[in-house]
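Chemist: Here you go, one structure.
Where a number appears in this text, it was derived from the coordinates with a stated rule and is not lab data. Note that this is a predicted model, so its numbers are computed, not measured. Cβ: placed from backbone, ideal geometry, glycine included. Neighbour counts: every protein chain shown.
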Amino acid sequence: MCGIVGYVGPGSTLDVLLGGLKRLEYRGYDSAGISVINQSGGLQTRKKAGKLNVLVEDLAGSPMADAHIGIGHTRWATHGAPTDGNAHPHLGGEHLKLSLIHNGIIENFAELKAELLAAGTKFSSETDSEVAAHLVAREYEKSGDLTQAFRSVVNRLHGAFTLLCIHEDHKDLILAARRNSPLVIGLGDGENFLGSDVAAFVEYTKKAVSVGQDEIVELRAESVSVSTFAGEPVTPKEFTVDWDASSASKGGWPSFMAKEIADQPQAVGDTLMGRLASDGSVKLAEFAGLDQLSEVNRITIVACGTAAYAGEVAKYAIEKWAKIPVSVELAHEFRYRDPIIDAKTLILAISQSGETMDTLMAVRYAKERGAKVLSICNTQGATLARESDATIYTHAGPEVAVASTKAFTAQITAGLLVALSLSWLRKAMPEAELKGLGKELLKLPRQVKKVLDSVGHMRDLGKAFSNAKSILFLGRNVGYPIAMEGALKLKELAYIHAEGFAAGELKHGPIALIEEGQPVIVVVPSQKGEDSLHPKVVSNIQEIKARGAKVIAIAETGDTQVDSVADEVFHIPVTSPLMASVLSVIPLQIFALELASAKGLDVDQPRNLAKSVTVE
Ligand code: M6R
């Protein structure tokens with residue numbers, strides 16, 4: 001959701017702000033705006049509803065003088081429609097000399113607005129954010145101390161916010177604050193940056209500092225000072241961004257999504273790197289941050305959306321290999337139902353962004369009740385990583401397309417590593433078997449590449465089904481979360497009805513949906529093992545075929561039984577049944593990408609969606 005960028009330094013502020021907002025576009029937004037302060041001309045603000053190019057064209061038509069300090073914002077509307085007036089920045093004070101941008105929701109804004117209205121303040125938007133601009137300006141007009149005014153206001157706000165504020169009287173200072181919303185500092189040489197995430201400034205610096213909960217930043221070209229809302233100084237922790245600006249560009253692909261699907265052999269390989277020895281043994285150094293791991297008697301996975309489906313795969317793996325009971329909880333449901341948590345519960349939080357508010361709140365809730373938190377996260381410096389006892393980073397690189405692809409397969413890979421590592425730690429399986437699984441896992445990046453090399457048929461099928469009104473997905477065991485993920489990709493990208501079912505559930509209701517020509521994609525389990533569900537799913541295919549369904553199956557190479565019953569089959573390499581989840585989702589990603597592209601839809605920024613859901 002909302003993208004934020006701030007810059008102070010000798011460079012071109014307009015370039016930094018507009019470039020930063022461009023790279024933050026993926027977060028999802030519906031209006032954009034900037035404010036800069038010139039040495040001569042004072043505060044200037046420009047903001048426009050619509051995509052960033054509307055603002056850029058407006059600036060081209062009537063140029064703004066460049067400056068050495070400024071703030072920029074892309075807004076994902078919450079309070080008030082996406083109009084020019086509701087776009088950020090918002091100005092505050094009698095002479096409108098203060099400019100402020102906000103990401104989040106100020107929950108007590110109505111009460112604060114009433115107070116300001118009673119004092120005669122005039123509002124020019126319907127947003128909650130404008131309240132903060134007027135409050136800071138009013139406090140500053142009283143005290144003459146901008147930092148103090150800012151501090152006193154942020155202490156009055158409830159809810160979630162990242163705020164950036166500049167004032168015409170202070171041509172070298174950006175004030176920023178964060179609570180329950182992301183903010184990162186970029187450290188330059190004689191210049192400094194602020195961003196909702198490092199994408200905002202990675203083109204200029206790789207040195208970054210993440211800002212903690214309830215902290216205030218005073219950013220100048222030559223200095224950065226961080227303190228708590230209460231005024232206590234904080235020594236911030238620096239980190240180095242491990243990807244460059246080019247990895248967040250399309251690199252010749254027609255869309256970020258297409259590029260990120262193609263990135264998967266590397267994303268999976270990088271996530272395994274250094275964690276899996278060539279003899280197949282697994283040891284996660286990250287476990288060192290978690291004492292009492294051997295005493296854990298229950299694991300609760302909290303996540304949302306695609307990350308929760310990766311959690312479902314991790315659950316099957318942890319239970320099978322490490323023999324620890326696992327439940328997967330949608331983070332937004334979890335903390336509202338008195339879940340049972342104690343010091344022997346390990347919370348495994350999964351999030352690409354590490355900023356999903358529902359997941360963060362679930363983690364905080366569990367920590368307050370004594371649980372330890374292990375997270376799987378793709379974003380360095382993210383709030384989730386800061387608040388976890390240990391973090392396993394998926395090294396998938398920046399994921400820009402709103403629909404998650406490479407982060408998902410990297411999350412599953414990390415989940416498989418967690419399961420194997422726990423099994424080693426607790427001696428839950430014979431060493432030889434564990435090594436065998438580890439060696440199988442080592443093959444995964446090459447197998448992912450093999451799948452990608454053969455997806456042509458799936459592309460054609462995606463195009464061929466572009467007029468479908470509804471597509472159903474079936475799977476069992478780890479194929480079930482993969483079926484749900486396949487359906488989610490179609491909903492997100494192609495805006496058509498799609499649903500994933502556990503194939504065993506079919507006869508309990510969903511089979512009533514099957515009629516002549518209904519497309520059904522079936523994720524067929526591996527034929528391996530005595531307990532294989534393969535024969536049962538083949539029967540399901542026959543049952544739906546008998547009722548007119550058009551079946552596309554995703555099955556192992558050499559699965560001749562499926563070849564003979566399905567209308568179309570896409571083959572994936574043979575691997576361990578749990579690891580097949582990583583391979584079988586790829587054709588479903590391609591199918592959704594091609595179907596949505598054939599409909600002429602924007603696959604990188606689907607309607608109504610934001611990449612990182614930073615409000616509840
Ligand atoms: O950043 P997170 O992994 O916490 O995001 C969780 C979900 O919002 C996310 O996976 C969402 O479902 C994606 N749009 C799926 O493609």
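Chemist: Multiply the residue separation of Glu232 and Glu616 by 0.36 nm, subtract the distance between their alpha-carbon atoms, and state the gained length in nm to one decimal.
Modeler: Between Glu232 and Glu616, full extension yields an extra 135.3 nm.
Chemist: Let me ask something else. Classify the chain as rounded, prolate or oblate from the Cα gyration tensor: take a ≥ b ≥ c as the square roots of its eigenvalues, call it rounded if a/c is under 1.5, otherwise prolate when a/b beats b/c and oblate if not.
Modeler: Taking the square roots of the gyration eigenvalues as a ≥ b ≥ c, the chain is prolate.
Chemist: A further question follows. What is the projected area of the convex hull of the Cα atoms of segment 492-598, averaged over all directions, in nm²?
Modeler: That works out to 7.0 nm², a quarter of the Cα hull's surface.
Chemist: One-quarter of the Cα convex hull surface for segment 341-458, in nm²?
Modeler: Its Cα hull, projected and averaged over all orientations, spans 9.1 nm².
Chemist: Consider all pairwise Cα distances in segment 255-355 and report the whole-number % of them above 18 Å.
Modeler: Numbers: 3063 of 5050 pairs.
Everything past 18 Å amounts to 61 percent.
Chemist: Counting every Cα pair in segment 1-104, what percent are over 18 Å apart?
Modeler: For segment 1-104, the share of Cα pairs beyond 18 Å comes to 41 percent.
Chemist: Can you sort Ile554, Ile347, Ile341 so the residue with the fewest Cβ neighbours within 10 Å comes first?
Modeler: On the way: Ile554 32, Ile347 25, Ile341 20.
With the fewest neighbours first, Ile554, Ile347, Ile341 line up as Ile341, Ile347, Ile554.
Chemist: Here's another thing I want to ask about it. With a point put 7 Å past each Cα toward its Cβ, work out how far Ser124 is from Ala598 in nm, to one decimal.
Modeler: 4.9 nm
Chemist: Another question about this same structure. Report the charge-dipole magnitude of segment 250-451 in Debye, nearest 20, computed about the Cα centre from +1 at each Lys and Arg Cβ and -1 at each Asp and Glu Cβ.
Modeler: Roughly 460 debye for segment 250-451.
Chemist: What value, in deg cm²/dmol to 500, does the helix sum -39500 (n - 2.57) over DSSP H runs of n ≥ 4 give at 222 nm once divided by the residues of the chain?
Modeler: It comes out at -10500 deg cm²/dmol, rounded to the nearest 500.
Chemist: Which order do the peptides 99-110, 143-154, 174-185 take when ranked by the mean count of other beta-carbon atoms within 10 Å per residue, highest first?
Modeler: The peptides rank, most packed first, as 174-185, 99-110, 143-154.
Chemist: How big is the C-alpha Rg of segment 3-247 next to the rule-of-thumb value 2.2 N^0.38 Å, as a ratio?
Modeler: So segment 3-247 has a normalised radius of gyration of 0.92.
Chemist: Here is a follow-up. Order of Ile69, Ile4 from fewest to most other C-beta atoms within 10 Å?
Modeler: Starting with the residue having the fewest Cβ neighbours, the order is Ile69, Ile4.
Chemist: Work out the charge dipole of the chain with +1 on the Cβ of Lys and Arg and -1 on the Cβ of Asp and Glu about the Cα centre, then indicate which of Thr359, Ile341, Leu17 is farthest towards its positive end.
Modeler: Looking along the dipole axis, the top candidate is Ile341.
Chemist: Determine the equivalent ellipsoid of segment 166-256 by diagonalising the alpha-carbon gyration tensor, then write out the semi-axes as square roots of 5 times the eigenvalues, largest first, rounded to whole Å. Display every interim value, and only then the final one.
Modeler: On the way: eigenvalues 139, 44, 31 Å².
Semi-axes from the Cα gyration tensor: 26, 15, 12 Å.
Chemist: In addition: If you rank Asp169, Asp453, Asp30 by fewest surrounding Cβ atoms within 10 Å, what's the result? It would help to have the intermediate numbers written out before the result.
Modeler: Numbers: Asp169 14, Asp453 9, Asp30 19.
Listing Asp169, Asp453, Asp30 from fewest to most nearby Cβ atoms yields Asp453, Asp169, Asp30.
Chemist: Roughly what % antiparallel, to the nearest 5, for the DSSP beta bridges in the chain? Provide the component values of the computation, followed by the final result.
Modeler: Working: 65 of 105 bridges.
So the antiparallel bridges in the chain amount to around 60 percent.
Chemist: In nanometres, what is the gap between the two model label sites at Asn608 and Lys250, each 7 Å from Cα along Cα-to-Cβ?
Modeler: 2.6 nm
Chemist: Each label point is 7 Å from the Cα along the Cα-to-Cβ direction; what then is the distance between the points at Glu107 and Gln561, in nm?
Modeler: With each label point 7 Å from Cα toward Cβ, the separation is 5.3 nm.
Chemist: Here's something else I'd like to know. Apply 1/(1 + (r/R0)^6) to the Cβ-Cβ distance of Arg298 and Asp214, taking R0 = 41 Å, and write down the FRET efficiency to the nearest 0.05.
Modeler: Working from the Cβ atoms, E equals 0.85.
Chemist: Kirkwood-based Rg over Rh for segment 250-451 (C-alpha set), two decimals?
Modeler: 0.96
Chemist: Calculate, for Tyr495 and Lys344, the FRET efficiency according to 1/(1 + (r/R0)^6) with r their C-beta to C-beta distance and R0 35 Å; round to the nearest 0.05.
Modeler: According to the calculation, E is roughly 0.20.
Chemist: To continue, here is another question. Positive end of the dipole of segment 335-450, charges at C-beta (+1 Lys, Arg; -1 Asp, Glu), about the Cα centre: which of Ala432, Ala401, Ser421 has its Cα farthest in that direction?
Modeler: Ala432
Chemist: Give me the extension gain from Ser278 to Leu117: residue separation times 0.36 nm, minus the current Cα-Cα distance, reported in nm with one decimal.
Modeler: Contour length minus the Cα-Cα distance gives 51.2 nm.
Chemist: Turning to a different aspect of this structure: Show me 113-120, 410-417 ranked by packing, highest mean number of other Cβ atoms within 10 Å first. Before the final figure, lay out the partial values.
Modeler: Details: 113-120: 12.5, 410-417: 29.9.
The densest-packed peptide leads the list: 410-417, 113-120.
Chemist: Output the 0 to 90 degree angle, nearest 10, between the alpha-carbon long axis of helix 52-61 and the longest principal axis computed from the alpha carbons of the chain.
Modeler: Here the helix axis deviates by roughly 40 degrees.
Chemist: DSSP loop GluC sites (Glu not before Pro) in segment 208-244 with at most 15 other Cβ atoms within 10 Å of their Cβ, which ones?
Modeler: Answer by residue number: Glu222.
Chemist: Now for a different question. On a straight-distance basis, which lysines could pair with Lys47 in a cross-link, Cα separation under 20 angstrom, same-chain partners fewer than 8 positions away excluded?
Modeler: Reachable lysines: Lys22, Lys97, Lys122.
Chemist: Next question. Kirkwood hydrodynamic radius of segment 561-616 from all distinct Cα pairs, in Å?
Modeler: By the Kirkwood definition, the hydrodynamic radius is 14.4 Å.
Chemist: Right, next: Mind checking the dipole of segment 75-138: about its Cα centre, +1 per Lys or Arg Cβ, -1 per Asp or Glu Cβ, Debye to the nearest 20?
Modeler: 200 debye
Chemist: Work out, step by step, the length gained on full extension between Leu96 and Gln542: first 0.36 nm times the residue separation, then minus their alpha carbon distance; give nm to one decimal.
Modeler: Working: separation 446, 0.36 × 446 = 160.56 nm, distance 6.99 nm.
Answer, rounded to one decimal: 153.6 nm.
Chemist: Kindly rank 193-200, 543-550 from highest to lowest mean number of other beta carbons found within 10 Å of each residue.
Modeler: Those peptides, ordered most packed to least, come out 193-200, 543-550.
Chemist: Right, here's the next one. For a Förster distance of 60 Å, can you work out the FRET efficiency between the beta-carbons of Lys449 and Ser62, rounded to the nearest 0.05? Don't skip to the answer; put the middle values down first.
Modeler: On the way: r = 50 Å, r/R0 = 0.84.
Calculated value: 0.75.
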